[in-house]
Amino acid sequence: MSGKSALIAGATGLTGSKLVEVLLNHPEYYKITVFVRRPLSIEHPKLEQIKVDYYRLDDYKKHLQVDDVFCCLGTTIKKAGSQKAFRRVDYDYPVALAQLAKSAGAKNFLVVSAMGADSRSNIFYNRVKGQMEDSLKKMELPALHIFRPSLLLGDRKEFRLGEKAASLISPVLSPLLRGGMKKYKPIQAEQVAKAMCAAAQTESDGIQVYPSDRIAEMGSL
C-alpha cells in the first residue's frame, strides 16, 4: 500500500490522544496502530487498536513493523504510586519499545521526554528522563527524535493543580518570555503532536533533539 504506517504507544494520554487525531487526519498515513490498555472511544478505517500488556512487550513485536513509532508514554510519581513504578513507565517501557522498533525495522522512533531531562540531575523526574534519552541515544536507531516540551497544557482526564494554574497565567506570562526564555513557555499538547508528525515526515537520520520553543514553532505551521 502507498503511504506510511505508524504505531503510537501511550495513545490515551494527553499528547498521545492528540497525536492519534493528527495522524488519522494526515494523508501520508494509511494505517495507525495504537497500543492501549483500555480501548479508545473512536473508530476509523485507518485505526487498529491493540490491547497491550507492557510486561510482555516482546509478544507484540509484529505490530512494530511500521515506518514510524511514536512513544508518548509517561506518568507521574503520584499516579504511578512509587518511584519504581514511575521509572518502569518512563524508562523501562520506552527503552524496550525502541529496542523492538529497531529490530522490527522501523525507520523513525519519536519520543516525548521533558525540558529538564538530565541523567545527572538531582531531581528524580528529570534524571529518569535523561537516563531514558541516554539509553536511546546509545542504540544507534536509524532516526531518533527526542521532544523536550515545557509544561504541557490541555484537557487531561485527571486534575493537576500546577498545570491548571499555568493555563490561567499563560496568556499573561507567555508574551514576556522572549529570546532564550521562549523555551519556558507552557505548550499545548496539540502543538507537540503536530510537531512529532512533522518531524516524522523529514528525511533526518541520526539523533534530533527538539527544545520546547522549536516544538512550538513546528506545531504552529
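The values are calculated or read from the model by the stated rules, or taken from the named source; none is laboratory data. Keep in mind that what you see is a predicted model, and the values were worked out from it rather than measured. Note: ideal-geometry Cβ built from the backbone for every residue, glycine included; neighbour counts use all protein chains shown. When the accessible area is computed, the model is the full protein with side chains, heavy atoms only, and any ligands, DNA or RNA have been set aside. Shrake-Rupley method; radii C 1.70, N 1.55, O 1.52, S 1.80 Å.
State whether one or more residues within segment 211-219 are over 28 Å from P27 (Cβ atoms), at pLDDT 95 or above and within 16 Å of the chain's Cα centre (by Cα).
yes
Note down all Cβ pairs under 7 Å where the first residue falls in segment 135-147 and is open to solvent by less than 70 Å² (accessible area, probe 1.4 Å), the second is part of a loop (DSSP other than H, G, I, E, B) and not polar (S, T, N, Q), and they're at least six residues apart or on different chains.
Filtered contacts from segment 135-147: P142/K107; P142/D205; A143/K107; A143/D205.
Criterion first (modelled with pLDDT of 95 or more, more than 12 Å from the chain's Cα centre (by Cα), in a loop (DSSP other than H, G, I, E, B) and under 23 Å from S17 (Cβ atoms)) does A117 satisfy it?
Yes; evaluated as a whole, the condition is true for this residue.
What's the total number of residues in segment 120-134 that are assigned to a loop (DSSP other than H, G, I, E, B) and either of a type in the set (K, R) or open to solvent by 30 Å² or more (accessible area, probe 1.4 Å) (or both)?
Looking only at that region, the number is 3.
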